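The values are calculated or read from the model by the stated rules, or taken from the named source; none is laboratory data. The shown structure was predicted, so the numbers you read here are calculated from the model rather than taken from an experiment. Note that each Cβ is placed from the backbone with ideal geometry, even for glycine, and that neighbours are counted across all protein chains shown. Note: accessible area is taken over every heavy atom of the protein model, side chains too, but ligands, DNA and RNA are not part of it. Shrake-Rupley method; radii C 1.70, N 1.55, O 1.52, S 1.80 Å.
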Amino acid sequence: LRKMKKTYILFAVLAVATISFSFTTVQDAALKKSMADGKSVYEGLCMACHMNEGQGIASVFPPLAKSDYLMKDLDRSIKVLIDGQQGEITVNGKKYKGAMPATGLDDKDIADVLNYVRNSWGNKGDKVTAEHVAKVRAKK
């Protein structure tokens with residue numbers, strides 16, 4: 001009976017570990033796909049100002065690489081992509097005063113490009129979903 005109980009416990013632990021690993025693998029694959037789609041959006045729309053490695057242009061366009069401003073407030077980042085940005089902002093301790101036009105992107109493209117920039121060039125962020133973007137857009 002004791003040996004049987006240990007076998008059940010071992011089986012349960014293995015089952016939970018397998019399910020957890022599978023879920024993580026699916027999540028990682030979904031994030032990688034979203035990032036790949038987001039890279040295409042970035043290259044077509046954002047790279048001209050924020051540059052190929054997200055480094056921006058000193059005193060003109062803020063960096064997205066290792067950006068405290070980008071990573072601090074996801075909802076704010078979503079709003080910037082929806083509505084654009086005007087006025088002074090501080091990124092990594094430096095002030096930028098300029099304008100970024102609204103992107104005109106749909107919820108999926110906003111989620112994808114944010115997944116790309118928030119997980120590239122030294123940034124590490126949680127997965128952004130189109131559903132989250134839609135909730136932020138609806139709050140306007």
**OP:** Kindly state, to the nearest 0.05, the FRET efficiency for Lys94 paired with Asp126, given R0 = 25 Å and r defined as their beta-carbon distance.
**Re:** 0.45
Subject >> Percent accessible area from carbon and sulfur atoms, region 19-114, protein chains only, probe 1.4 Å >> reply: 59
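If r is the Cβ-Cβ distance from Arg76 to Ile9 and R0 is 41 Å, what FRET efficiency results, to the nearest 0.05?
Once rounded, the FRET efficiency stands at 0.30.
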**OP:** Decide, for region 85-140, between rounded, prolate and oblate: order the square roots of the alpha carbon gyration tensor eigenvalues as a ≥ b ≥ c, take rounded if a/c falls under 1.5, and otherwise choose prolate if a/b is larger than b/c, else oblate.
**Re:** oblate
Original post:
Measuring with a 1.4 Å probe in the full set of protein chains, what accessible area per residue, in whole Å², belongs to region 58-140?
Top reply: 56
Original post:
Once amide H atoms are placed 1.01 Å from N in the peptide plane, what residues at a sequence separation of 5 or more from Gly98, or on another chain, have their amide H within under 5 Å of its amide H?
Top reply: Gly87, Ile89
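Could you list the GluC sites (Glu not before Pro) in region 43-140 that lie in coil according to DSSP, counting only those with at most 14 other Cβ atoms within 10 Å of their Cβ?
Counting only loop positions with at most 14 other Cβ atoms within 10 Å, the GluC sites (Glu not before Pro) in region 43-140 are Glu53.
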